[in-house]
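Heads up: the structure comes next, in structure tokens.
The values are calculated or read from the model by the stated rules, or taken from the named source; none is laboratory data. Predicted model only: the values in this text are computed from it and were never measured. Cβ atoms come from the backbone with ideal geometry, glycine included; neighbour counts cover every protein chain shown. Calculation scope for accessible area: heavy atoms of the full protein, side chains included, ligands and nucleic acids excluded. Shrake-Rupley method; radii C 1.70, N 1.55, O 1.52, S 1.80 Å.
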Amino acid sequence: MSKTTAQPDPRDRTKAAVSRSAVVGAIFLMATSAIGPGFITQTATFTAQMGAAFAFAILVSILIDLAIQLNIWRMITSSGKRAAQLASSAVPYSGVLLSVLIVVGGLAFNIGNIAGGGLGLNALLGIDPKLGGLITGVLAIGVFLFKRAGKVVDAVVLVLGLGMIVLTCVVAFVSQPPVGDALRQSFVPDSISFATVTTIVGGTVGGYITYSGAHRYLDSGRTGPENAPAVMRSALSGILVTSIMRYVLFLAVLGVVASGVALDLESQVANPAGQAFAAVLGDAGIRIFGAIFWAAALSSVIGAAYTSATFLSAFSKKLGGGWPLQLATVCFIVISLAVYLVVGTAPATLLVFVGGFNGLILPIGLTIFMYIGWFKPRLLRTDAYPKWLLIIGTAATVLTWYMAVQSVGPIFAMIGIGA
């Protein structure tokens, strides 16, 4: 009697493909959200102001990023719950508070992201920034109108993320930065600004960015403590991508600043990163900058809108997924776009401020999650959460609280409040 070999179920292959797509999407959603137009503008602005000493702020942001993301990814995926639901499970109504803060911060970020899209298309094609912002917003809306928006998002952020890294590496190589001085000042800076560190941390890991990759990873279905090693590898991959991009972009701008070029940081048309690229490659540099900046903006609009919308489920379970979540994401983008089209703040100033604002709300969410790790590990489906993660996470939380208190005045002064 001949043996029959069981044929693999096509549905299993489909599920596996969706799972892999979600994992790759989680890595690049976190990475592209962390290296959006806000970060690019912040890097150019602060490098022009501080020179090689800004390398210290970048190193601190990477270390804080590492401590935060490893904890957030592991806690959310181990529990199988989104951040708001997990928070409320530990402290009643804290998830609602966290959701309000993330949605407000995400809205501020997304207005800045759409502004960045306008600046990018202005540099790339020469069109009016307001029109460029409109085009960016409409394209992002189009992504979420697809029935299978998840796979579209994964593909878009992957392509845009890789393109940004390659183009920025080219500019960094041509600008010939003082690498030795930058390396020294990464550890022994000539000066330290807490407002600068808080802003760059907020722009790369604050607000919605903290939860973007972890929330997308939940869609892979690979949840529970048994998947922790794979989760940690994915988180580290995302952090590695963002870390490389941060230093490469900083070095590209530093090479320009070190050569004696003065960047415009104050006017209504200020575009410091664009000026830096133009100083290196002339008109071609402006076009390359435009492409990088627009790619960063579009991917960040997608990331900010998707992640902020996932927090809306704290107010209605109907927004937990599917079409209701996609439509909520579209509405979020529409509101961001409408505010941008009527706001009067200079785009570059807005992009720097929103990073600082999200840096101010960052420690609130971290405090809730560190409380869960120390005192409520059963919510993470384990009897004991890893102590080394709790130690570095708690250290990052204390540091972000200190920086927030020290820098709240200077950050709001950026847009004329309390100045």
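Table for the structure above
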| item | result |
| --- | --- |
| In nm, spacing of pseudo-spin labels at Val339 and Gln176 (7 Å Cα→C-beta vector) | 4.5 |
| Centre separation in Å (Cα based) which lies between segment 85-150 and segment 205-264 | 17 |
| Relative packing of 307-313, 157-163, which averages over residues the other C-beta atoms within 10 Å, highest first | 307-313, 157-163 |
| Sequence of Trp73, Trp401, Trp294 when ordered by accessible area, the most exposed leading, probe 1.4 angstrom | Trp401, Trp294, Trp73 |
| Efficiency of FRET between Phe375 and Ala155 - r from beta-carbon atoms, R0 41 angstrom, step 0.05 | 0.50 |
| Inter-label distance for Leu390 and Leu145, nm, one decimal - labels placed 7 Å from Cα along Cα-to-Cβ | 5.0 |
| Extreme residue, positive dipole direction of segment 122-201, given options Leu183, Thr198, Ala123 (C-beta unit charges) | Ala123 |
| Cys169, Cys331, reordered so the largest accessible area comes first (probe 1.4 Å) | Cys331, Cys169 |
| Area of Thr397 that stays accessible when all protein chains are in place (1.4 Å probe, Å², to 10) | 10 |
| Dipole moment magnitude, nearest 20 debye, segment 104-241 about Cα centre, only Lys, Arg, Asp, Glu C-beta charged | 400 |
| ³J(HN,Hα), Karplus 6.51/-1.76/1.60, whole Hz, each residue of segment 85-100, x for Gly, Pro | 5, 5, 4, 5, 5, 8, 10, x, 6, 5, x, 5, 4, 4, 5, 4 |
| Area accessible to solvent at Phe332, 1.4 Å probe radius, in Å² | 20 |
| In Hz, Karplus ³J(HN,Hα) per residue of segment 287-303 (6.51, -1.76, 1.60; θ = phi - 60°; x = Gly, Pro) | 5, 5, 4, x, 5, 5, 5, 5, 4, 5, 5, 4, 5, 6, 4, 4, x |
| Simple Cβ-charge dipole of segment 20-157, Lys/Arg +1 and Asp/Glu -1, about Cα centre, in debye nearest 20 | 500 |
| Spin-label model distance (nm) - Val188 vs Val138, 7 Å beyond Cα toward Cβ | 5.6 |
| 3J(HN,Hα) from dihedral phi, segment 358-371, Karplus parametrisation 6.51/-1.76/1.60, rounded to Hz, x for glycine, proline | 6, x, 6, 8, 4, x, 5, x, 4, 4, 4, 6, 5, 4 |
| Gyration tensor (alpha-carbon) shape descriptor, segment 183-322, a/c threshold 1.5 | prolate |
